[in-house]
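What follows is one structure encoded as structure tokens, with my remarks underneath.
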Amino acid sequence: MKRSGFKFLILMTLFALIIPACAPAAPTEAPPEPVEPTAAPSDVSEEPVVVPPEEVTLTIGYTSSITGKYEVSSAAQVNALNLWMDDINGAGGIELSDGTLVTFASVTYDDESTSERVQELYTRLATEDDADFLISPYSSGLTAASAVISEQYGKLMITTGAASDATYKEGYTGVFQAYTPASRYLTGAVDLLQHLDPTVSKIAFVYENDKFSTSVVTAAKDYAEALGYEIVLFEGYDSGTSDFGPFINKIEGQSPDAILGGGHRVDGKAFAQQLYEKGTDVKYFAVLVAPPEPEFAELGDAAVGVIGPSQWEPLADFTPDSAAEAGYEFFGPLGADFTSAFTSAFGSEPSYHAAGGYAAGLMLEKAIRDADSVDLEAVKAALEGMDVITFYGHIKFDTTAEAHGLQIGHSMVYIQWQRDGAGDLAKQVVWPLEGATAETIYPLR
């Protein structure tokens, strides 16, 4: 019995050992997911992705008188317009608030100083070339021809080199004038005459028979008559006239105290030269366009004492401080900077025709910046609201239906050729008095 009991004990022990071994293993926790090692901190930050700004190139269309009677004045205007365009493009363009950069390209043709060519070419600029904005040609007559085309095709045009009031009384809404209007072109010369000698009573007007000159002297004549002056001669001469003898004879026959009139560069020089050579006895002589041109000094003694209205002169000193004193914003370069840049680029001091060309570009630039857009209607609205001082002077437009786009901010200055301390001929500003650089030579002879 003892032997069998012993066997039973052994079997039970083995069974106890076998049962746990056959049982399923107890569940265990899964091992943790491997963790990616983190990069060590670095002093160098990752470069941001740079998105290049959108670039928009606007096309400015215009014609210039590469040939014909307006060649010299037109060239000055165009050279300065191109200088403005180079300045903008060279600076990278006009940056809008959304980062868009606006640059400019141009399309231009020779209008040959004729209205027929102007109408043909501005039609091409507006349709085939699809110019975004237009700049007028030089002269009131050519500008009138271009303005009707601009308006017809819904373009926006800045006019420069054009003083006639009439263009802005045609009901146009997209044409904006840079020059002081013709109606105020010679009235300051009458004011200066009255200031110099209240006893003067007789004025003679001799002028070129063209749109610009006729509108200027007609307005000046009406103004003088309203002040009580007697108009003893009011006579026009044909464009291209070179012999002023018959007109000078008529002037001498009427013995006026003052002579006003003229037309453009070539005829104005010839009129002044012949008036001097004949020794006509006159106290005061003011003529359009020609005197402010640097080449007028070629007349020598015949230039001394001659007065001329100018849209702008390098002597004019409009600054941010003077603008702030008058309650206006100043925009663009200083006059000295413009004069220096133009002289460096073209080898001669800028005339007011050049200043008008650069100013036309500034007006478009200012309008685009104020509109913060290149949309035509937005830029037009910005022009309508413009009231700013530039190196060229005050800029503000009439926005009435009767004279939309007429310049009402800019005023003329009047220069007179005088001898300086060294005996050299130099222009001096003589009116208005607050801008005068010398007293007026009066009487002339």
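The values are calculated or read from the model by the stated rules, or taken from the named source; none is laboratory data. As the structure is a prediction and not an experimental result, all values here were calculated from the model. For neighbour counting, all protein chains shown are included, and Cβ atoms are generated from backbone atoms with ideal geometry for every residue, glycine included.
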| From 266, 287, which residue is touching a residue at least 12 places away in the same chain (Cβ under 8 Å), surrounded by 24 or more Cβ atoms within 10 Å (Cβ to Cβ) and aliphatic (A, V, I, L, M)? | 287
| Residue, farthest from residue 287 (Cα to Cα), within the stretch 209-265, restricted to residues that are among the basic types (Lys, Arg) and modelled with pLDDT of 95 or more | 250
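Here's the yes/no breakdown for (1) within 13 Å of residue 354 (Cα to Cα); (2) of a type in the set (Gly, Ala, Ser); (3) at pLDDT 95 or above; (4) buried (at least 23 other Cβ atoms within 10 Å of the Cβ):
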{"residue": "52", "(1), (2), (3), (4)": "no, no, no, no"}
{"residue": "55", "(1), (2), (3), (4)": "no, no, no, no"}
{"residue": "63", "(1), (2), (3), (4)": "no, no, yes, yes"}
{"residue": "72", "(1), (2), (3), (4)": "yes, no, no, no"}
{"residue": "75", "(1), (2), (3), (4)": "yes, yes, yes, no"}
{"residue": "85", "(1), (2), (3), (4)": "no, no, yes, no"}
{"residue": "91", "(1), (2), (3), (4)": "no, yes, yes, no"}
| Under the condition of being more than 16 Å from residue 64 (Cβ to Cβ) and part of a helix (DSSP H, G or I), which residue from the stretch 342-362 is nearest to the chain's Cα centre (by Cα)? | 359
| note | Restricting the stretch 354-407 to residues that are under 24 Å from residue 312 (Cα atoms) and among the charged types (D, E, K, R), the one surrounded by the fewest Cβ atoms within 10 Å (Cβ to Cβ) turns out to be 387
| task | Could you check residue 342 against (1) hydrophobic (A, V, I, L, M, F, W, C); (2) farther than 22 Å from residue 165 by Cα; (3) touching a strand residue (DSSP E or B) at 6+ places or on another chain (Cβ under 9 Å) and say which number it fails? | result | (3)
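Table: residues versus (1) farther than 30 Å from residue 337 by Cβ; (2) modelled with pLDDT of 95 or more.
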{"site": "88", "(1), (2)": "no, yes"}
{"site": "129", "(1), (2)": "yes, yes"}
{"site": "133", "(1), (2)": "no, yes"}
{"site": "140", "(1), (2)": "no, no"}
{"site": "148", "(1), (2)": "yes, yes"}
| note | All-but-one check, residue 213 against (1) closer than 17 Å to residue 257 by Cα; (2) in contact with a helix residue (DSSP H, G or I) (Cβ under 9 Å, 6 or more places away or on another chain); (3) touching a residue at least 60 places away in the same chain (Cβ under 8 Å), failing number (1)
| request: Would you check if there is a residue in the stretch 360-383 being touching a Gly at 6+ places or on another chain (Cβ under 7 Å) and in contact (Cβ under 8 Å) with a residue 60 or more places away in the chain? | output: yes
| Going through the stretch 152-172 one residue at a time, which ones are assigned to a loop (DSSP other than H, G, I, E, B) and of a type outside the set (S, T, N, Q)? | 153, 154, 155, 161, 162, 163, 165, 170, 171, 172
| said: Out of the residues in the stretch 114-131 meeting the condition of being under 24 Å from residue 86 (Cβ atoms) and surrounded by 20 or more Cβ atoms within 10 Å (Cβ to Cβ), tell me which one is nearest to the chain's Cα centre (by Cα). | reply: 131
| said: Every residue in the stretch 362-408 that is closer than 23 Å to residue 78 by Cα and of a type in the set (Gly, Ala, Ser), please. | reply: 367, 393, 405
| Do we have residue 208 as of a type outside the set (A, V, I, L, M) and either touching a residue at least 40 places away in the same chain (Cβ under 8 Å) or buried (at least 16 other Cβ atoms within 10 Å of the Cβ) (or both) here? | yes
| note | Note on the stretch 293-313: residues farther than 18 Å from residue 276 by Cβ and modelled with pLDDT of 90 or more are 309, 310, 311, 312, 313
| Taking the stretch 87-113 as the region of interest, how many residues are over 17 Å from the mean Cα position of the chain (by Cα) and assigned to a helix (DSSP H, G or I)? | 1
| message | Among the residues in the stretch 215-233, are any at positive phi, outside any helix (DSSP H, G or I) and either not hydrophobic (A, V, I, L, M, F, W, C) or not assigned by TED's automatic domain parsing to the domain that holds residue 272 (or both)? | response | yes
| request: Answer yes or no as to whether residue 291 is part of a loop (DSSP other than H, G, I, E, B) and either at negative phi or touching an Asp or Glu at 6+ places or on another chain (Cβ under 7 Å) (or both). | output: yes
| request: Just give me the residues in the stretch 392-439 being part of a loop (DSSP other than H, G, I, E, B) and in contact with a Leu (Cβ under 6 Å, 6 or more places away or on another chain), in sequence order. | output: 398, 437
| In the stretch 155-164, is there at least one residue being surrounded by fewer than 21 Cβ atoms within 10 Å (Cβ to Cβ), in contact (Cβ under 8 Å) with a residue 12 or more places away in the chain, within 18 Å of residue 411 (Cα to Cα) and assigned by TED's automatic domain parsing to the domain that holds residue 381? | no
